[in-house]
1. List the residue ranges in the chain for DSSP H helices whose C-alpha atoms run 30 angstrom or more along the long axis and whose Kyte-Doolittle average is 0.5 or above.
2. Sort 401, 328 so that the residue with the fewest other Cβ atoms within 10 Å of its own Cβ comes first and the one with the most comes last.
3. Give me the percent relative contact order of the chain, please, defined on Cα pairs under 8 angstrom at least 6 residues apart.
4. Evaluate the relative contact order of segment 274-410 (contact order divided by residue number), counting alpha-carbon pairs under 8 angstrom at least 6 apart; express in whole percent.
5. Give me 295, 342 ranked fewest to most by other Cβ atoms within 10 Å of their Cβ, as a rough exposure proxy.
6. So what is the calculated 222 nm ellipticity per residue for the chain, using -39500 (n - 2.57) for each DSSP H run with n of 4 or more, over all residues, to the nearest 500 deg cm²/dmol?
7. Which length gain, in nm to one decimal place, applies between residue 130 and residue 275 when the Cα-Cα distance is subtracted from 0.36 nm times their residue separation?
8. Sorting 255, 400 on the 10 Å Cβ count, fewest up front, what's the list?
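We did not get these values from a lab; they are worked out from the coordinates using the rules stated. Note that the structure is predicted; figures quoted are calculated from it, not measured. Virtual Cβ from ideal backbone geometry, glycine too; neighbours counted across all protein chains shown.
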Amino acid sequence: MRPSDPTEGRGPVRYGPPLPEPGLPVLPELAAMVAGAAARTHPEPPGGPPALLEAARGHWERRGLAPGRAQVTAAPGGAPLLLALTAALGGDVLVPRPCPAWWTPQTRLLGREVFSVPTPAECGGVPDPYALLETVRRVRAEGGDPRLLVVAPADDPTATVPPPEVLHEAVEAAVGEGLHVVSDETWRDTLHPGPDTLLFSPAEMFPADVTVLTDLTGGNLPPSLPAACARFPPTAEGDRLAARVLDILTATGASLSAPVAAAATYVLDEGVEVTARRAAAVALHGRVAAALHHLVLAAGGLSRPPRAGRHLYVDLGPLRPRLADRGVTDAQDLEDHLTARLGMPVPGGHRFGDDLGALRCRLGTGPLLGSTPEERRASLTSPDPLELPHVARALSMVESVLGELCDLGDRAGPEGTGAAGEGWESER
């Protein structure tokens, strides 16, 4: 069973969009740390310097993943680290649909197959366990060699957090089939305040079978300072995998620069300034994402409530007739239309492995926080950022653009009731 190309006839989507932008100024203490390390002339060792690796161990220990004898390594971004992991494990890769845009190019670069598995109705980030088992069976029956499943306990692009039981069932199914699991926990530290959302790492459930990967540009570093860390299973097999990954990072020259290593160490140590900034940023993005979600539902679109990150995944399928009147018939058209109308990146769902024909896209909250450093700082420090003129204008623009796509009678009620419920109501 070879995976189909969702973009056939429109040109292949070889590379996806970057992570949703933070839209906030760099923490001053972090900028000073980077500047102070810029004069270093010696190269950092492949896999990261000892201080960085020790900071990473402490980071995971505070989240209930005491490394113990587990190996830890670092790389200049999540993509190079996942590439090394995929190369070290070999075989074909399974991912949920949709999934982060940066997961699949590495696999294709290695000449491996990627198989997308539908997600459960209530969340993204993990495959439906029964669909996963069926996919593994079919791939093997047709001569494939599935070895790796990648999951996200806090997801991009859907901004959802799988319930613990759903996550457990999916990972249990994968482990039962002999797959290694990579848990992408890039957005783990961006859970929105308010809802009683529980996040567990698969490594807590199946410690011998899960490698944890964290791209620090999710909740801690700006995109200009790419760094990522991996924690391998505390087993002999985990040691071998870590050694193989380090070999690949070394051979490909995927080492951190001194300023980036210093920045990564600083944020992983989680001092008062780092944790305070992260908490403020998470709360801000959570409020704006909730407001954006309300606007989507009011316009007649579909979207699961955002629970993490700085983004929202939207299905405008119910507005297909009005979109078709504007020449928008698939996800690429939708991306082009909304990017032009909103003046900010709105990647279509096909960038994340979703069906090209579905009218889905990811909306980011970062571009709504202001266009100048002063406006962004005001957004971060305001007790009511939604009342700030620049944030209110940005949300009003989104409301206006979405409002063009629906008749007044199609709009949902003030609480998001009516035609636009909070879950996916279209077929996945």
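1. Values: long enough: 272-298 (39 Å, 0.91).
Those that clear 30 Å and a mean of 0.5 are 272-298.
2. Numbers: 401 18, 328 21.
Ranked by crowding around the Cβ, least crowded first: 401, 328.
3. Details: 882 pairs, mean separation 89.5, N = 428.
Worked out over the chain, it gives 21 percent.
4. On the way: 191 pairs, mean separation 35.3, N = 137.
Relative contact order for segment 274-410 comes out at 26 percent.
5. Numbers: 295 22, 342 18.
Neighbour counts put them in this order, fewest first: 342, 295.
6. On the way: 14 runs with 167 residues, N = 428.
Rounded to the nearest 500, it is -12000 deg cm²/dmol.
7. On the way: separation 145, 0.36 × 145 = 52.20 nm, distance 3.92 nm.
Full extension of this stretch gives 48.3 nm more.
8. Working: 255 21, 400 12.
Taking fewest neighbouring Cβ atoms as first place, the list is 400, 255.
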